[in-house]
Amino acid sequence: MSSSHHEDRPEGRPEDTSPALRGGAAFLLAQLGAHAAQLFAERIATLDLTPAQAGLLRLLDRTPGRSQRELADALGMPPSRFVAFADGLEERGLIERHRNPDDRRLYALDLSEDGRAMLARLREAGAAHEQQVCEGLSPDEHGQLTALLGRLAAQQGLTPGVHPGFRSVRADRPARGR
C-alpha cells in the first residue's frame, strides 16, 4: 500500500472496506436520487417549473377535480402553503379552480388547456431525464431496476408518483433561482 493512502487514515487502522463506505444499496439510492432530483429540477426549470409544480400537474392529470386539501395532503404540503402554491399556477393559467359541486365550500382543481400543453412538454422532459439517468442500462436491466425500486418504494409506504421531498423544498421557485 502506498504511503499517501496510509496518511489519510489514523495510524495503524486497516482500510475500511465495509459495504457502507463502498456504497451499499441505501447509500447508492440516496446518492443517485439526489443527483437525479437535481438534474430533473434543472431540466424542468427551462419550462419555468419546479418539481413540486410538476408533481401537482401530474397529480391533477391522474385525479382531476380533487380538493385543495386532498392535493395538499397528497403532496405532503401544509394546506396554508398549498393555497399560495396553487395560486401561482392558476395565475400562469396552468390550473383552474371550480367550486366543488358536492360541497360549495371547497374548490376543486383541474388542469387548464395550457396546463395540458405544459404536461405534454413535461412528459417529454421526463422521458429525456429517464434516458439520461438510465443510459448505462440495457432495456432489460432498466425494467428490472424499475420493478425492484417500485417494490422497495411500496414496502416503505411511499405514495406512487409523489416525491417525498416536496415537504421540505420551496415549491414555488424553479431550481435556476427565478
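Quick note: the coordinates plus some simple rules give every number you see, no bench work behind them. Owing to the predicted nature of the structure, the values given are computational and were not obtained by experimental measurement. Note that we place each Cβ from the backbone using ideal geometry, even for glycine, and neighbour counts take in every protein chain shown.
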**Study point:** Given charges at Cβ of Lys, Arg, Asp, Glu: region 49-125 dipole, positive-most of G93, L75, A125
**Key:** L75
Review point. Taking the simple approach of a point 7 Å from Cα along Cα-to-Cβ for both A128 and D102, what is their distance in nm?
Key: 3.9 nm
Study note, to complete from the structure: Ranked from fewest to most other Cβ atoms within 10 Å of their own Cβ, R116, R151, R66 fall in the order R151, R116, R66
Exercise for review: Name the long-range amide H neighbours of I95: under 5 Å, sequence gap of 5 or more, or other chain; modelled H, no Pro or chain starts.
Suggested key: E90, S112
**Study point:** Exposure proxy ranking, count of Cβ atoms within 10 Å, fewest first, for T50, T146
**Key:** T146, T50
Review point. Most exposed first by the Cβ proxy, i.e. fewest other Cβ within 10 Å, how do H35, H163 rank?
Key: H35, H163
**Study point:** Under 5 Å, built H, 5+ apart or other chain: amide partners of N100
**Key:** L106, Y107, A108
Review point. Can you run phi through the Karplus equation (6.51, -1.76, 1.60; θ = phi - 60°) for region 138-149 and list ³J(HN,Hα) in whole Hz, with x for Gly and Pro?
Key: 6, x, 5, 5, 4, x, 5, 4, 4, 5, 5, 5
Revision key, fill the gap. Karplus-derived 3J(HN,Hα) from phi for region 113-127 (6.51 cos²θ - 1.76 cosθ + 1.60, θ = phi - 60°), whole Hz, x at Gly and Pro, runs 4, 5, x, 5, 5, 5, 4, 5, 5, 5, 5, 4, 5, x, 5
Study note, to complete from the structure: Given 121-128, 99-106, the highest-first ranking by average Cβ count within 10 Å works out to 121-128, 99-106
